[in-house]
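Peer 1: Quick one: the structure is below, and I'll ask about it shortly.
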Amino acid sequence: MRILIVEDNSEMRKTIRRFIASSDDKVKECEDGIDALETYKTFQPDWVLMDYEMKYKDGIKATSEIINADPNAKIILISQYNDQEIIDSAIRSGALKFIPKTTVWELKYFIENYGK
């Protein structure tokens, strides 16, 4: 599996990688949404794990850009915030799922069971 992690916090990127990636997976990382689309285009990941709040371009905008370029992109938005407005924005932008960082362990379960 090819996974793109877009997250501004390096410790959180490591945590996400630990929860989701096996030794067979290929993982690329971006520190901000501003790099997400170009990395998506060149890496062609199976999944994008996108943070909501980043310095230059937030996850909602970056998700929308990726979906506009590839409507079949599979993106999960992740955030420390868990309010309905953010969840609704994530889904409207094209994310398949919103997962709070407090339950980041749900990522693997969702990905493994997607489409079943």
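Peer 1: How large is the dipole of the chain about the Cα centre if only Lys and Arg carry +1 and Asp and Glu carry -1, each at its Cβ, rounded to the nearest 20 debye?
Peer 2: 360 debye
Peer 1: Given the options 51, 35, 25, which has the most mean-square fluctuation in a GNM of the chain, springs set between C-alpha atoms less than 10 angstrom apart?
Peer 2: 25
Peer 1: Still on this model: Need the list of lysines near residue 41 for cross-linking: C-alpha distance under 25 angstrom, and skip anything on the same chain fewer than eight residues off.
Peer 2: Partners within reach: 14, 26, 28, 55, 57, 61, 74, 97, 108.
Peer 1: Next up: Report the residue, chosen from 46, 83, 32, that carries the largest GNM mean-square fluctuation when the chain is represented by alpha-carbon nodes joined by springs under 10 Å.
Peer 2: 83
Peer 1: Consider the candidate values (i) 41, 12, 11; (ii) 27, 17, 15; (iii) 17, 16, 15; state which one is semi-axes √(5λ) of the Cα gyration tensor in Å computed from the structure displayed.
Peer 2: Working out semi-axes √(5λ) of the Cα gyration tensor in Å from the coordinates points to (iii).
Peer 1: Name the residue from 45, 66, 33 whose Cα lies farthest towards the positive end of the charge dipole of the chain, charges +1 on Cβ of Lys and Arg and -1 on Cβ of Asp and Glu.
Peer 2: 45
Peer 1: Using just the helices of the chain, give the 222 nm mean residue ellipticity in deg cm²/dmol: DSSP H runs with n ≥ 4 each add -39,500 (n - 2.57), and the total is spread over all residues, rounded to 500.
Peer 2: -12000 deg cm²/dmol
Peer 1: While we're on this one: Could you work out which residue, out of 106, 38, 85, moves most in a Gaussian network model of the chain, that is, has the largest mean-square fluctuation with Cα springs under 10 Å?
Peer 2: 85
Read-outs throughout are calculated quantities, based only on the coordinates presented, and are distinct from any laboratory measurement. Computed from a prediction, not measured in an experiment: that's the story for all the values here. Don't worry about glycine lacking a Cβ; one is built from the backbone with ideal geometry, like all the others, and counts go over all protein chains shown.
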